[in-house]
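Notes follow once the structure below has been shown.
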Amino acid sequence: MTENQLPSLSKCPTQIEGLDMILKGGLPSGRTSVIIGGPGSGKSLFGLEFLYRAALDGEPGIFITFEEHAADLRINTRTLGWDLAPLEQNGKLFLFEARIDPKAIVTGEFGIQSFLAILNHKIKAMGAKFVVIDAIDVLMRLINDERREQNELLALHQWLSEHKMTALLTVKAPRDSNHARHFEFLDYMADCVIHLDNRMLGQLSTRRLRVIKYRGSGFGSNEYPFVIEPPGITLLPISEIGLSHQALGKRISTGLAELDKLIGGGFRRASSVLITGSTGSGKTTLCSAFTHAACANGEKVLCLNFEESEAALVSAMLSSGTDLNPAIADGKLRLLTAMPEAMGAEQHLVRALNAIKQMQPSCVVLESASACKRMGTEQAAFEYMMRMINTCKEMGIIILITNQTISLSNLDEISGIGISSLIDSVIKMQMVEDVGAMQRKLLVVKSRGSVHSHRHHNFQISDQGITILKEDV
Amino acid sequence: MSAEEYRFRLFIAGNEPNSRLAKQNLRALCAAYLPERHYIEIIDVLQDFEAALQAMIMVAPAVVMTAPRPVTLFGALTDTARILAALGINEGDHHD
């Protein structure tokens with residue numbers, strides 16, 4: 001290090017998915033950070049996940065709980081798939097129950113020396129570098145005197161600094177401004193301050209995180225949605241994602257030899273395909289033909305379905321000649337079904353991204369864009385679709401998306417929720433009245449990087465699946 | 001008047017002022033109201049953190065009355081009337 005180079009702020013990764021990107025590396029090492037949020041906002045879990053991941057790497061940490069029972073923490077974290085017991089047994093994690101008797105009577109001044117004496121011993125015995133204090137407001141309410149609260153907080157802060165602890169203090173957000181004074185002081189004292197909130201959007205609750213201060217460091221300053229789902233907390237820093245799409249790749253069959261010809265040889269890898277049409281126009285049948293053929297050719301396909309259950313979808317496809325069961329049985333095909341209303345868009349997204357991470361599919365089929373709107377707000381559905389398409393494009397995955405249009409021939413409805421610029425190919429399926437009978441027609445509206453047909457093509461759906469008829473004019 | 005024995009565990013943090021004050025106040029109160037029927041155990045949390053951890057005592061000074069009934073008090077024990085009420089002792093039981 002030369003003389004005019006200052007040592008950069010050392011950071012400690014939290015290993016919480018997405019958070020280190022927002023914090024540009026992690027929490028400040030050897031310093032105190034504060035996380036403020038309302039009841040149920042997930043602040044304890046942020047602290048616990050940080051210590052849990054560190055403990056898994058062999059870095060010991062202490063979780064001090066002023067409110068919850070250690071036994072409850074062990075049970076609650078099991079739902080995320082975490083097993084704390086072995087880490088506690090081998091001295092990598094200590095759940096320090098510091099519950100304060102709510103019936104205790106206060107008469108005269110007191111200090112937190114007892115707490116610090118216990119903490120001091122445990123830190124030395126374990127060689128701990130990380131400490132989470134959940135929730136410091138319990139202690140402050142007990143003191144209930146502004147000057148003494150600040151003195152105790154300062155003493156605690158100084159003590160943690162002297163012991164070179166990377167500390168995270170959680171604080172319950174005040175419901176009214178009478179108690180805001182604690183938080184102003186904490187904001188001032190801490191080196192890094194994170195706010196959490198849990199609000200209702202379009203009848204679904206949405207968790208958000210915002211970093212409001214980070215002394216000596218830059219940070220992502222937006223509000224970031226997050227979800228709590230196994231295997232832990234996931235933040236979705238959408239606005240931090242640079243577009244790093246792969247170039248459109250080699251073609252694979254659409255599953256219909258005739259359609260391959262119309263679209264220039266097949267769907268290209270890393271491309272997004274929108275299949276649009278009114279209800280009953282054959283969108284799902286087309287997707288199933290593709291899925292079936294792709295699996296038979298050794299591709300792995302993940303189907304995200306928001307319209308039907310797995311069993312209903314498989315049996316519906318059997319009637320049009322496509323048996324998806326063998327592909328499911330040998331792991332080439334995975335169906336992930338859920339009602340759009342079942343959870344928020346962020347949670348749907350995390351489930352889908354986890355499934356992609358696990359399965360590593362080469363194709364994703366998403367049914368449907370129109371159903372995604374029922375995840376909450378249009379904005380949430382848009383972010384879901386955008387993130388799904390981006391992820392697939394970054395990973396070289398082909399994504400097929402169906403979209404149900406309401407009227408029979410409304411081209412403007414193609415994209416549904418404003419994703420058209422991310423869509424490479426559009427196939428439109430219609431039923432039109434033709435000489436007294438309904439005729440099914442298919443049109444390749446666009447296909448980037450391909451020479452494709454611009455005509456309407458008649459097709460039929462039978463128990464053999466889709467058959468595209470000879471070209472008509 | 002009952003002859004129940006009162007047992008106290010007083011948690012102090014070394015020789016700091018509030019702890020000294022609590023020790024004085026508790027001794028004076030016992031001498032005045034509970035002569036010959038009290039027992040005080042003094043625990044210095046700076047020496048014996050394990051006892052503090054087990055009793056879940058995070059602040060000092062603190063008094064845990066274990067008999068005749070459980071009561072916990074935090075602080076330097078400055079408000080005698082409140083303490084007597086909390087411990088269930090009649091002010092009229094004063095012995096000079």
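The values are calculated or read from the model by the stated rules, or taken from the named source; none is laboratory data. Just so it is clear, the structure is predicted and the values come from calculations on it, not from any experiment. Heads up, the Cβs are rebuilt from the backbone with ideal geometry, glycines too, and the neighbour counts pull from every protein chain shown. Just so you know, the surface numbers come from the protein's heavy atoms only, side chains and all, with ligands and any DNA or RNA stripped out. Shrake-Rupley method; radii C 1.70, N 1.55, O 1.52, S 1.80 Å.
Every condition in (1) assigned to a loop (DSSP other than H, G, I, E, B); (2) under 30 Å from the mean Cα position of the chain (by Cα); (3) within 14 Å of residue A:365 (Cβ to Cβ) is met by residue A:255 except one, and the failing one is (2).
Filter the range A:117-140 down to the residues that are small (Gly, Ala, Ser) and closer than 20 Å to residue A:58 by Cα and list them by number.
Matches in the range A:117-140: A:125, A:127, A:128.
Taken over the range B:50-61, residues that are open to solvent by less than 10 Å² (accessible area, probe 1.4 Å) and either more than 9 Å from chain A (Cβ to nearest Cβ) or closer than 19 Å to residue B:25 by Cα (or both) amount to 3. Inside the range A:451-466, residues that are assigned to a strand (DSSP E or B) and either surrounded by 13 or more Cβ atoms within 10 Å (Cβ to Cβ) or not assigned by TED's automatic domain parsing to the domain that holds residue A:428 (or both) make up a count of 8. Taking the range A:77-94 as the range and being touching a Pro at 6+ places or on another chain (Cβ under 6 Å) and either within 25 Å of residue A:36 (Cβ to Cβ) or buried (at least 21 other Cβ atoms within 10 Å of the Cβ) (or both) as the test, the residues that pass are A:80, A:92. Evaluate the following for residue A:97: is it open to solvent by 40 Å² or more (accessible area, probe 1.4 Å), touching a residue at least 40 places away in the same chain (Cβ under 8 Å) and in contact with a helix residue (DSSP H, G or I) (Cβ under 8 Å, 6 or more places away or on another chain)? Against the criterion (open to solvent by 40 Å² or more (accessible area, probe 1.4 Å), touching a residue at least 40 places away in the same chain (Cβ under 8 Å) and in contact with a helix residue (DSSP H, G or I) (Cβ under 8 Å, 6 or more places away or on another chain)), residue A:97 does not qualify. Screening the candidates A:316, A:294, A:355 for the property of being over 25 Å from the mean Cα position of the chain (by Cα) and either open to solvent by 40 Å² or more (accessible area, probe 1.4 Å) or closer than 25 Å to residue A:268 by Cβ (or both) yields one hit, A:294. When residues in the range B:71-84 are screened for being more than 13 Å from residue B:30 (Cβ to Cβ) and more than 9 Å from chain A (Cβ to nearest Cβ), 1 of them pass. Of the numbered criteria (1) buried (at least 16 other Cβ atoms within 10 Å of the Cβ); (2) over 15 Å from residue A:101 (Cα atoms); (3) at pLDDT 95 or above, the one residue B:64 fails is (2). The set of residues in the range A:105-157 that are open to solvent by 20 Å² or more (accessible area, probe 1.4 Å), outside any helix (DSSP H, G or I) and at the interface with another protein chain (Cβ under 8 Å from one of its Cβ atoms) comprises A:105, A:106, A:108, A:109. Scanning the range A:237-245 finds no residues that are charged (D, E, K, R) and crowded, with 22+ Cβ neighbours inside 10 Å. Only residues that are outside any loop (DSSP other than H, G, I, E, B), without any contact (Cβ under 8 Å) to a residue 40 or more places away in the chain and of a type outside the set (Val, Ile, Thr) were counted in the range B:52-90, giving 8. Being within 14 Å of residue B:56 (Cα to Cα), more than 9 Å from chain B (Cβ to nearest Cβ) and of a type in the set (Asp, Glu) is a description that applies to residue A:67. State whether the residues of the range A:412-435 include one that is out of contact with any strand residue (DSSP E or B) (no Cβ under 9 Å at 6 or more places or on another chain) and modelled with pLDDT of 85 or more. The answer is no; no qualifying residue exists.
Here the range A:362-383 is the region considered, the condition is being open to solvent by less than 10 Å² (accessible area, probe 1.4 Å) and touching a Leu at 6+ places or on another chain (Cβ under 6 Å), and the residue that is nearest to residue A:305 (Cα to Cα) is A:366.
Just a yes or no: is a residue in the range B:25-34 more than 9 Å from every other protein chain (Cβ to nearest Cβ), surrounded by fewer than 21 Cβ atoms within 10 Å (Cβ to Cβ) and either touching a Gly at 6+ places or on another chain (Cβ under 7 Å) or outside any helix (DSSP H, G or I) (or both)? Checked against the condition, which is being more than 9 Å from every other protein chain (Cβ to nearest Cβ), surrounded by fewer than 21 Cβ atoms within 10 Å (Cβ to Cβ) and either touching a Gly at 6+ places or on another chain (Cβ under 7 Å) or outside any helix (DSSP H, G or I) (or both), the range B:25-34 yields at least one hit. Selection within the range A:83-104: residues that are within 14 Å of chain B (Cβ to nearest Cβ) and of a type outside the set (A, V, I, L, M, F, W, C). The member of this set that is nearest to residue A:168 (Cα to Cα) is A:97.
How many of the residues in the range A:53-76 are assigned to a helix (DSSP H, G or I), open to solvent by less than 20 Å² (accessible area, probe 1.4 Å) and over 13 Å from residue A:134 (Cβ atoms)? Before the answer, list the steps.
Our first condition is that a residue be assigned to a helix (DSSP H, G or I); within the range A:53-76, this holds for A:53-56, A:70-76.
From what's left, open to solvent by less than 20 Å² (accessible area, probe 1.4 Å): A:54-55, A:70, A:73.
Applying the additional criterion that residues be over 13 Å from residue A:134 (Cβ atoms) yields A:54-55.
So the answer is 2.
Sort out which residues of the range A:208-227 are in contact (Cβ under 8 Å) with a residue 24 or more places away in the chain and either assigned to a loop (DSSP other than H, G, I, E, B) or open to solvent by 40 Å² or more (accessible area, probe 1.4 Å) (or both), and write them in order of number. So that I can check it myself, show each step before the final result.
Of all residues in the range A:208-227, those in contact (Cβ under 8 Å) with a residue 24 or more places away in the chain come to A:209, A:211-220, A:224-227.
Passing the criteria: A:212, A:213, A:215, A:216, A:217, A:218, A:219, A:220.
Within the range B:4-15, the set of residues being open to solvent by less than 90 Å² (accessible area, probe 1.4 Å) and either without any contact (Cβ under 8 Å) to a residue 12 or more places away in the chain or not charged (D, E, K, R) (or both) comprises B:6, B:8, B:10, B:11, B:12, B:13, B:14. Kindly establish whether residue B:75 is more than 13 Å from the chain's Cα centre (by Cα) and among the small types (Gly, Ala, Ser). Judged against the criteria, residue B:75 is not a match. Looking across the range B:35-49, the residues that are facing chain A (nearest Cβ under 8 Å) and either outside any helix (DSSP H, G or I) or surrounded by fewer than 16 Cβ atoms within 10 Å (Cβ to Cβ) (or both) come down to B:45, B:46. Scoring residue A:257 on the criteria (1) at pLDDT 90 or above; (2) open to solvent by less than 10 Å² (accessible area, probe 1.4 Å) leaves a single failure, condition (2). Would you confirm whether any residue within the range A:70-82 is under 22 Å from residue B:11 (Cβ atoms) and either without any contact (Cβ under 8 Å) to a residue 60 or more places away in the chain or more than 10 Å from chain B (Cβ to nearest Cβ) (or both)? Within the range A:70-82, one or more residues are under 22 Å from residue B:11 (Cβ atoms) and either without any contact (Cβ under 8 Å) to a residue 60 or more places away in the chain or more than 10 Å from chain B (Cβ to nearest Cβ) (or both).
Just one of A:257, A:270, A:296 is free of Cβ contacts under 8 Å to residues at least 24 places away in the same chain and of a type in the set (A, V, I, L, M, F, W, C); which is it? Outline the logic, then answer.
On the way: A:270 fails: free of Cβ contacts under 8 Å to residues at least 24 places away in the same chain; A:296 fails: free of Cβ contacts under 8 Å to residues at least 24 places away in the same chain.
Residue meeting the stated conditions: A:257.
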